[in-house]
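Enquirer: Quick one: this structure, given as structure tokens, is what I'll be asking you about.
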Amino acid sequence: MIQVMAERLEGYPFFPMKSDFEDGFTKVFNPSDGKNYTLNKSASGILHYCDGLHSISEIRDRISKATGIEADEVYHKLQSILTEIYDKGLIWIKEDRLEKQPVSPPITCYWDLSTLCNLSCKHCAVEGGDVKTDELDTKECLNVVNQLASLGELSLVLSGGEPLLRKDFFEIARYAKFRGMDLQLATNATVLDARKAREIKRLDMSVQVSLDGSNPEIHDAFRGKKGAFKAALRGISFLRKERVPFTIGFVVNKSNMHDMEAAAQLAVQLGAENFRVISYVSYGRGKSFQELEPTPQEFKWIAEKIVEMKKSLEIPVTEAEFEFCLKPGMGSDITDDQHFGCGGALGSFSITANGDVLPCSFFEGIRCENVREYPLAWIWENSPLFNYFRDLKSKDIKGSCKNCQWFLQCNGSCPAANFAYGKMLRPHVHCWIAEENK
Ligand SMILES: C[S@@+](CC[C@H](N)C(=O)[O-])C[C@H]1O[C@@H](n2cnc3c(N)ncnc32)[C@H](O)[C@@H]1O
Ligand code: SF4
Ligand code: SF4
């Protein structure tokens, strides 16, 4: 059971998983591999210290003092256990002690109002379908809106599941508008009708509509429902009628990458303002269709295609993931303390349907605070998870990124795609530059 250690683990371990402690054993669910683990008494005792505040040496000394066992012996056992749980992706290890970081108010909140959905998309990170969580009710949502308003000027993206299926959707949206928020909507557009489009217009919302193919065959197969393409186009026609600005969101994957250009052309014909290519992340239901995730070399092809498309397409296309790697980088003169990570926990955050507050919704399922238990403003400033993301530095990345000439543009890119593989703090799994991905 105990593996031979390739290298000694050093630094400050952090245990980010939800767990239940019972009779000395700890039951852990790891959302990135979808597996349950039962950790024995020794491992459970160690986990208690894996809060980012204790180094491995400090944990050794505490255990040695408490048990009277020689420090060397404790250290050996500690390394074995930590290696085992580290290899399962259950702990993350940073170089320095976790420190609370100063932070400005957030700029964007992504709020998954419900997991309810009428489609069953292969990639869906939130596994949209049934209402399967203990969702916030209307009163609780209105309370969240009040708390969001107190955070300052905020752009609020209402998403899901399919947010338009919530009966109180417009009640919540209207109140958020009244409280001064700039509103955006992420929708599959299939249940959009004239009345909803008028209301969206009245609320001055901008909209992202998902369209993952230029034809029903590709879109419907990916979205798990026949007729989804036709219904989305119908929904878009109501937005057009009301002159609501909208973007087409296209989740690029192996089943549609060769259709990307045609989908972009369709976006132009439909009157979209932008074409946004979103990288496939193997999370949630997407984990079961991991074979759809493009390889790093395919991501290179996608980036090159996007650069080419941008030259002639009449509407803007968002920058491709790692597009900057197609041009010379800014050099490999990286200081150890360069911040690493994306905007999650720095400028943006997510709220799940049951009120969990996360740096990004692709981390749904890990240990975090909930709006039912803590005020949002407190969570934003004090959550250990949020501070962990804010405190990540270039020296925390393990592997080839350290010498990469694109690090200053990349900053490790999207940690969520790596989390989905249990490879946090490693070179990005989509990157075609990293030695580890070749
Ligand atoms: C979760 S959906 C909710 C809104 C709406 N139901 C829809 O499909 O547009 C929000 C966005 O996340 C994208 N998305 C969902 N799962 C994803 C994944 N595993 N990887 C990348 N994007 C994903 C969807 O395609 C959509 O653009
Ligand atoms: S991606 Fe959107 S439409 Fe598809 S199942 Fe998830 S929530 Fe529903
Ligand atoms: S993931 Fe690492 S190797 Fe790849 S571009 Fe970013 S810094 Fe460079």
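Enquirer: Just one of Lys88, Lys94, Lys100 is touching a residue at least 24 places away in the same chain (Cβ under 8 Å), surrounded by fewer than 18 Cβ atoms within 10 Å (Cβ to Cβ), within 30 Å of Lys402 (Cα to Cα) and touching a strand residue (DSSP E or B) at 6+ places or on another chain (Cβ under 9 Å); which is it?
Expert: From the options Lys88, Lys94, Lys100, the qualifying one is Lys88.
Enquirer: What number of residues in the stretch 311-339 are of a type outside the set (A, V, I, L, M), over 13 Å from Cys410 (Cβ atoms) and over 26 Å from the mean Cα position of the chain (by Cα)?
Expert: Residues that pass the stated criteria total 6.
Enquirer: Please verify whether the stretch 266-280 includes one or more residues that are within 16 Å of ligand 3 (Cβ to nearest atom) and crowded, with 22+ Cβ neighbours inside 10 Å. Write out each step before concluding.
Expert: Step one: list which residues in the stretch 266-280 are within 16 Å of ligand 3 (Cβ to nearest atom), which gives 279.
Checking the rest, the ones that are also crowded, with 22+ Cβ neighbours inside 10 Å come to none.
No; the residues of the stretch 266-280 include none that is within 16 Å of ligand 3 (Cβ to nearest atom) and crowded, with 22+ Cβ neighbours inside 10 Å.
Enquirer: Something else about it: Restrict the check to the stretch 342-362 and report whether at least one residue is closer than 17 Å to Asn411 by Cβ, assigned to a strand (DSSP E or B) and either among the charged types (D, E, K, R) or in contact with a helix residue (DSSP H, G or I) (Cβ under 7 Å, 6 or more places away or on another chain) (or both).
Expert: There is at least one residue in the stretch 342-362 that is closer than 17 Å to Asn411 by Cβ, assigned to a strand (DSSP E or B) and either among the charged types (D, E, K, R) or in contact with a helix residue (DSSP H, G or I) (Cβ under 7 Å, 6 or more places away or on another chain) (or both).
Enquirer: Among the residues of the stretch 50-69, write down those that are part of a loop (DSSP other than H, G, I, E, B) and under 26 Å from the mean Cα position of the chain (by Cα).
Expert: Listed by number, the residues that qualify are Cys50, Gly52, Leu53.
Enquirer: Does Cys431 satisfy the condition of being within 16 Å of ligand 1 (Cβ to nearest atom), touching a Ser or Thr at 6+ places or on another chain (Cβ under 9 Å) and not charged (D, E, K, R)?
Expert: no
Enquirer: For residues in the stretch 13-30 being outside any strand (DSSP E or B) and modelled with pLDDT of 95 or more, which is farthest from Arg97 (Cα to Cα)?
Expert: Pro16
Enquirer: Tell me whether the stretch 362-380 contains one or more residues that are under 17 Å from the mean Cα position of the chain (by Cα), of a type in the set (A, V, I, L, M, F, W, C), more than 20 Å from Glu99 (Cα to Cα) and within 16 Å of ligand 2 (Cβ to nearest atom).
Expert: Checked against the condition, which is being under 17 Å from the mean Cα position of the chain (by Cα), of a type in the set (A, V, I, L, M, F, W, C), more than 20 Å from Glu99 (Cα to Cα) and within 16 Å of ligand 2 (Cβ to nearest atom), the stretch 362-380 yields at least one hit.
Enquirer: From the set of residues in the stretch 273-332 that are assigned to a helix (DSSP H, G or I) and among the hydroxyl-bearing types (Ser, Thr, Tyr), which is farthest from ligand 2 (Cβ to nearest atom)?
Expert: Applying the filter and picking the extreme gives Ser312.
Enquirer: Right, here's the next one. Please state which one of Ser413, Ser394 is crowded, with 22+ Cβ neighbours inside 10 Å, among the polar types (S, T, N, Q), at pLDDT below 95 and farther than 19 Å from Leu90 by Cβ.
Expert: Just one listed residue meets the conditions, Ser413.
Enquirer: Working only within the stretch 373-426, note down all residues that are in a loop (DSSP other than H, G, I, E, B), touching a residue at least 40 places away in the same chain (Cβ under 8 Å) and within 22 Å of Ser282 (Cβ to Cβ).
Expert: Scanning the stretch 373-426 gives Leu392, Ile397, Asn411, Gly412, Ser413, Cys414, Ala420, Tyr421, Gly422, Lys423, Met424, Leu425.
Enquirer: Looking only at the stretch 215-254, which residues are β-branched (Val, Ile, Thr), part of a helix (DSSP H, G or I) and either buried (at least 23 other Cβ atoms within 10 Å of the Cβ) or at positive phi (or both)?
Expert: Correct list: Ile236 only.
Enquirer: Residues in the stretch 16-29 that are of a type in the set (A, V, I, L, M, F, W, C) and closer than 10 Å to Ile366 by Cβ: how many?
Expert: Within the stretch 16-29, the first condition is being of a type in the set (A, V, I, L, M, F, W, C), and the residues that meet it are 17, 21, 25, 28-29.
Still in the list and also closer than 10 Å to Ile366 by Cβ: 17, 29.
Of the residues in the stretch 16-29, 2 are of a type in the set (A, V, I, L, M, F, W, C) and closer than 10 Å to Ile366 by Cβ.
The values are calculated or read from the model by the stated rules, or taken from the named source; none is laboratory data. Since this is a predicted model, take the numbers as computed values, not measurements. Here Cβ is always computed from backbone atoms with ideal geometry, including for glycine, and neighbour counts include all displayed protein chains.
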